[in-house]
Structures are given as structure tokens and as C-alpha cells.
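Comments concern the structure below.
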Amino acid sequence: MNKLFFVFVLLFATVAGFAQQTEIPVVTIKTINGQNFSTADITNNGKPIILSFWALWCKPCQKELDAFNENYAEWQKETGVKIFAVSIDDARSTNKVLPLVNGKGWEFEVLLDANSDFKRALNVNMIPHTFLIDGNGKIVAQHTSYFEGSELELYEKVKKLAGVK
Amino acid sequence: MKRIFLAFILLFFVIGLSAQSLLDQSRVNGSFQIDGQFYMPDNELGITDSVIGGRKMGLNGFGNITYTLGNFSAGMRYEAYLTPIAGFDPAQEGNGFPYVYASYNTENLSVTAGNFYEQFGNGLVLRSYEEWTLGYDNSLNGLKATYRPVKGVNIKAVYGSQRYYWQKFERNSRGIVRGADAEVELNEVLPSMNTSDFRITLGGSAVSKFQRDADPSYFLPENVGAFAGRVNMSAGKFNFMSEYAYKINDPSSTNNFIYKEGQALLSSLSYSQRGLGIILQVKRVDNMSFKSDRGVTGNALDISFIPPLNRIHSYSLTGRYPYATQPNGEMGLQFQLNYKIPKGSTLGGKYGTGIALNFSQVNDIQRLAINDSTAIGQDGTLGYKSDFFKVSDHIFFRDFNVEVDKKFNSKWKAVVQYMNLLFDIATIQGKSGQEPVKANIALTDVTWRINSTRSLRFELQGLWTKQDKGNWAAGLIEYAIAPQWFFAVADQYNYGNKDVNHRNHYFTGSLGYNKDTTRIALTFGRQAEGVVCVGGVCRQVPASSGITLTLSTNF
């Protein structure tokens, strides 16, 4: 009986290994100033991360990021969450990203993925596409599209991850 | 028996452990999408049974899977266009695995075999990319290596053949592309600059295309080289970028087989601080079409990418006349200002007010005959002479637009936009003989947040012009229940068409459901003839009537 249990535990442990452990793939993209940036550096000291793909031509994306920005100070205070917004604009508009981000007064970090390497590695097709990443760097939720109020549902998940009521 | 059993368990345990540690590091993800259209005859739009030609249905689909195990990754994409939906190139018809690769990546070295995408600098001499919504894919099939000998230095080398719809590469069927690129971030390399506020990055690339000369009448260069150099500087709130590219003579169908060399210059200067962003960009392109088959025209087999500079519009009527780069020659500039009137000021109100101002103009380049007996652009000659700093009076495109966005309170917000447009439809869309379109466009986009998850959005747009199809009006109402449901009804009405019989309404009704990354959307109604552009590439979409279904997911 004991032996059987032992075998069962072993089997279970092996099967558990199959469970998805999704982390952010490592590719080299650019910072908003054009310096190389490794996506391994998307970290937040064990606190949750929101990673959102957007572009200058995508209105819903900018509405989503505006909504994030409005709440960002409060969200950071409550949960320590950090937001990374990845622009998939290509060479025709990568240079316009920095002036727009400053013009809009966005407070979070913005990265440039001009040839969609990061987008492809994460299998992003439609934007906005937003990922929620836990303190261990694992992707725990993702969502495409944005409508007014979607940010509230996302924030509920952030709070749960951060252990905040 | 017992011993064997124990040994078996031990063995199992060891295998289990090692397998588990491997599996812990392994990751599988993928995505899947189907776009389907069911066409119906529509006499008012001139779509009859014979126009549809028995193709009552178009289906574009793909499935993508990526496997990663430690430093190793591999992936593949299946695509099917059976038959391609309206507006896609008929050469898309087919199915298979156009994208298969394996790669090995460490911190300093990465090698890929199979299909890949790559961009050098701004892409002026090499860019392979893929845009599903347009059916555009010029991936390279071959080998790629990137190497980082020290921090701040990046070296890339690629070689392969490009994807051309479903045509397999065979000897001499099309060209071979080879290229290398190096980039140095001086602040990383030079210790004295490590902490400097002045940042500078230099880069250079060389690309060569080989295609055999089988032309009966011309001696054509079989190896065409293209070179580019770039600089990126930032100091405090200023940013400057410039890239220059040069290509040796490359007679092709696109440039009417002239033996002139090609040049392109792209520069931008921006200043930005919190609440204010200003950018000025200039561009000159002269005979810069670079394809891996000199005989191919249109949106295929491009090795280089010349970015258009104008603003990409997001609304249906402001986006009705999109500009596309003229690789044979153009000179343009664009200016954009983003300003946020601060919160608390009279105009800013409680939430601040956003203003975006944008101007862009693109002219043809000046062209002079090479001598008295040769016509400009005549095939088999040097084509023409062109002063690098001279533009022609011929305007391809001009766009002036102002956009204001304002949040009034927690329930209401609005966007208002005005645009003045000049669009040389004969050059850009090949509708020769048609007058350039001069249009005024105005729109408003109002959102009412009913409660924390429900919202209504209204759009009202007008386009006024005496040319092409005349005046248009458009309206939309969208009801959304975040984050899952949306319903929308929209109409575009071509009320100003000179031909009274073509003053059509284009009604659509759509609904969609999103759950995490799964999206289902259904649209009924008519689609107006137009052009869809994403990034730098555009696709003509014919008028159609019917049902469109999109299903996509990601895992």
C-alpha cells in the first residue's frame, strides 16, 4: 500500500511537470530612447506587472493606457504594480512614440518593438493585448480588446495577486 | 521480485525528476485565428451572382505554435486561404506551413535556422515582417545569427530567400538575400560616457541581392548591393535620429529598367517633456524600390521598407484616403505636436485636455533629363538627374489635422477632430486621369460611461469633397459591457455621389464576445470599397455585402 502511494506521488509529480509554466520570452527590443532592452528586465521585485501591447494607430489601446495612467499612482500605492506598455509601431512611427507618450503625460515605462519580435514571441495578434504577470514572472492572465471599465476588472486581479483586499 | 520493483521505482524516480526539471523549463504557446466572409449578391452595389463567381465564401486562417526549452526554441505557423477573402491577392490561395524555425539563444549569441523576420535600422535596406490582416509576409528562409561580443555591440548576419506567397524557392526562381548589420551603443562601450546624459548609438548595414540575369535585351547587375548608416542621439529632452541608404543601379519593373542608383534619407528631431511632445521628420526617397525579384511589382518580395511619414488615422473617414510610399521618388516632411493642457487650469478642467496637431506633406522629387535626346525615365538609360535638395511642384499628399480630447467628468469624454486633405489619387491609387481629392473631414467620438462596466460610444463623421465619390457621412453607436460584450450599428452614407444611383448606404451591425484572449466577432452588412492599411502596406478592399466572422484565440 505504502509503495503504491509512493508510486502515485511520483507519477503525480511527473505529470505536474507538464503543467504550463508560462514566463515572458527573452528577446531584445528597444527602450523609448532607442537603447537595446532585454525583456528579461521586465521585473518588479516580486510584485505584479501589467504588460500591454499598443500602437499609435490603435484608439482603444490609447484609451486603455489613458485609463491605466489615470489610476496608476493609486494602483502603485495600493499594490506596487508596475506597468510596461510595448508599442508595436514600425519604423514609420517609432520616432513619434516618445513625443506622444510625453505629450500624454503617461507615467509608466514604454518600450519599442519595431519589428514585432516580442509580439510574435508572445503570440499577440490583435491589440490591445494585455498580460498580467505575477511576482514570480509567470503570466497568470491575459486579455485582448478594451472597453470602458475593463481596467477595473484587471485591477481586481492585480489586487488578488498582491494580496490586497 | 521486490528488488526489481524497487529498482524500477528508483529508475522511474530518476527519469521522473530529470524529465520534470526539463519540463519545468519548457513552455508551449500559440495562437489561432479564422476570418470568414460569406458573400451575398447586392444589386445596388453592383454585386451580382456572376461577380461573386461561385465563391460564396472566403476563409483566411492560421495556427501558430511556439515551443521553448531553456535556450532552445522552435515554432511553426500553418496558414490556409481557402479561398482568400475579398481584397487579398489571388496568389494567396493555398495552405501549408510557410513559417517553420528552430533557434538557439544565449545571452551573447543567437542562431536561427528556417524562416525568420529581421530589420536593420529603420528597415531602409532590409526588413522582413508579416502583417496578417493584409496578407503580407516577406519572411526570409535561411540562416540568421546575432552576436554580442561585448555589452553595447550588436552584430547580425542573415542570408536566405524570401517568401513569395506559396511559390517554392527553386534555382533562379527569384533572388537570394544576404546582409549584415552592426550597432554600437557608445555609452556602453566607452567607460567615460557610461554616465553621460548625452547618448549616442551608431549603426551600419550592408545587404546584397543575387539574381541571375536572364534578360534578352539588357545586361543587368546580378549582385545588387545596398548600404546604410545611421545615428541616434539623445541629450536631455532632445532626440535626433538619421539614416541614409544607398543602392547601386538596380533596373527593375518598378523603376522601368533605368540604371540609376538609389538613395534614401530619413531624419527626425524631437523635443519632449511631461505634457509636451514635438517632432519634425523629413524624408527623401529616390529610386529605392529593392525587391528580391526585379520582375515583380506590387506588395511582394520587398527587401527594404520605406516608411511613409504621415499620421495613421484610426477613424473610417479620416482613413479613407491613406498615403502609400512612392519608392520611385518622393520628398516629405511631417510635424506633430502633442500637448496636454494641465489639470486645474481654465481650459484643462479637472482632468486636463489633450491636443494633437499634425501636418504632413509629400511631393514628388525634381527630375531632369540626362541629355537632350533621352526622355525622363526612359528604360535602359540612367533615367534622370535629380538634385538631392530639390522638390517638384507635384504634391502627392498633404494632411493637416487637429485633434482635441477631453474628459468632462467620470461619465463623459469626447474626441473632436478636423482634417484638411489633398490626395493625388491618380498617383497613389493608380486611378489615372482622376483629379486630386481635396477634402475636409470632421468627426466627433463621444463616450458615455453608464456605470463601472457599461458604456455607450457615438461617432459622427463627415467628409466633404467635390472629387472622387463626393461627400460622405458616417455614424456609429456602440454599446459595451466590459470586459466581454459589445454590440454596434454603423452606417456610411455616400450622399454626395455625383451619380445619383450610387448614393448608397453601407449599414453594418456587429456583435462580439471576448473572454480572456478568445474573441468572436460577427458583422452583417455592407463594406464600402476602400483601402486598408497597417504599418506601411495597404490593401484594396472591394465593396462587398454579407457576413464576416472572426474567431481568434491565444494560449
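Details
- Computed 3J(HN,Hα) for segment A:41-53, one whole-Hz value per residue from the Karplus formula 6.51 cos²θ - 1.76 cosθ + 1.60 where θ = phi - 60°, is 8, 7, 9, 8, 6, x, 9, x, 10, 10, 10, 10, 8, glycine and proline marked x.
- Net length gained if the chain between residue B:479 and residue B:410 were fully extended (0.36 nm per residue, minus Cα distance): 23.1 nm
- Residue order, fewest to most beta carbons within 10 Å, for A:124, B:28: B:28, A:124
- Extending 7 Å from Cα along the Cβ direction at residue B:193 and again at residue B:172 yields two label points whose distance is 4.9 nm.
- Most mobile of A:112, A:122, A:154 in a GNM of chain A (Cα contacts under 10 Å): A:122
- About its Cα centre, the dipole of chain B is roughly 1620 debye, where the only charges are +1 on Lys and Arg Cβ and -1 on Asp and Glu Cβ.
- The alpha-carbon atoms of the protein assembly as shown define a convex hull whose volume equals 202 cubic angstrom per residue.
- For the pair residue B:223 and residue B:418 in one chain, pulling the backbone fully straight at 0.36 nm per residue adds 65.4 nm over the alpha carbon distance.
- Under 19 Å from residue B:385, Cα to Cα: aspartates and glutamates that are on another chain or at least 8 residues apart: B:250, B:261, B:286, B:330, B:364, B:372, B:393
- Each stretch of four or more DSSP H residues adds -39500 (n - 2.57); spread over every residue of chain B, this sum gives -2000 deg cm²/dmol at 222 nm.
- Using a Förster distance of 56 Å, the FRET efficiency for residue B:369-residue B:522 (Cβ separation, nearest 0.05): 0.45
- If the Kirkwood radius is taken over C-alpha pairs of segment B:189-255, then at 37 °C and 0.692 mPa s the Stokes-Einstein diffusion coefficient equals 215 µm²/s.
- Residue order, fewest to most surrounding Cβ atoms within 10 angstrom, among B:523, B:133: B:133, B:523
- Per-selection Rg to Rh, segment B:382-513 - Cα, Kirkwood hydrodynamic radius: 1.12
- Axis angle, to the nearest 10 degrees, between helix A:150-162 and the longest C-alpha principal axis of chain A: 50 degrees.
- Label-to-label distance for residue A:136 and residue B:231 is 5.0 nm, based on points extended 7 Å past Cα in the beta-carbon direction.
- The share of alpha-carbon pairs in segment B:66-169 lying farther apart than 23 Å comes to 35%.
- Rg over Rh [alpha-carbon atoms, Kirkwood Rh] for chain A: 1.08
- Hypothetical label at residue A:157: residues of segment A:32-72 whose amide nitrogen lies under 16 Å (7 Å Cα-Cβ projection): A:48-54, A:64-65, A:68
- The stretch between residue B:515 and residue B:495 holds 3.3 nm of extra length on full extension. This uses 0.36 nm per residue minus the Cα-Cα distance.
- Over chain A, DSSP H runs of length four or greater, each weighted -39,500 (n - 2.57), average out per residue to a 222 nm ellipticity of -12500 deg cm²/dmol.
- Fewest neighbouring Cβ atoms within 10 Å first, the residues A:129, B:502 line up as B:502, A:129.
- Converting phi to 3J(HN,Hα) with the Karplus coefficients 6.51, -1.76 and 1.60 and the offset θ = phi - 60°, segment B:168-177 yields 5, 6, 10, 3, 6, 6, 6, x, 10, 10 Hz in sequence order, with x at every glycine or proline.
- Here r is the Cβ-Cβ distance between residue B:261 and residue B:206 and R0 is 22 Å; the resulting FRET efficiency, rounded to 0.05, is 0.90.
- Of all DSSP bridge pairs formed entirely within segment A:21-162, close to 60 percent run antiparallel.
- Rg in Å to one decimal, and Dmax rounded to a whole Å, for chain B via C-alpha atoms: 26.9, 102
- Given charges at beta-carbon only (K, R positive; D, E negative), |dipole| of the protein assembly as shown in Debye: 1460 debye
Computed from the coordinates by the stated procedures, all read-outs in this text should not be read as laboratory data. Keep in mind that this is a model prediction, so the values were computed, not measured. Note that we place each Cβ from the backbone using ideal geometry, even for glycine, and neighbour counts take in every protein chain shown.
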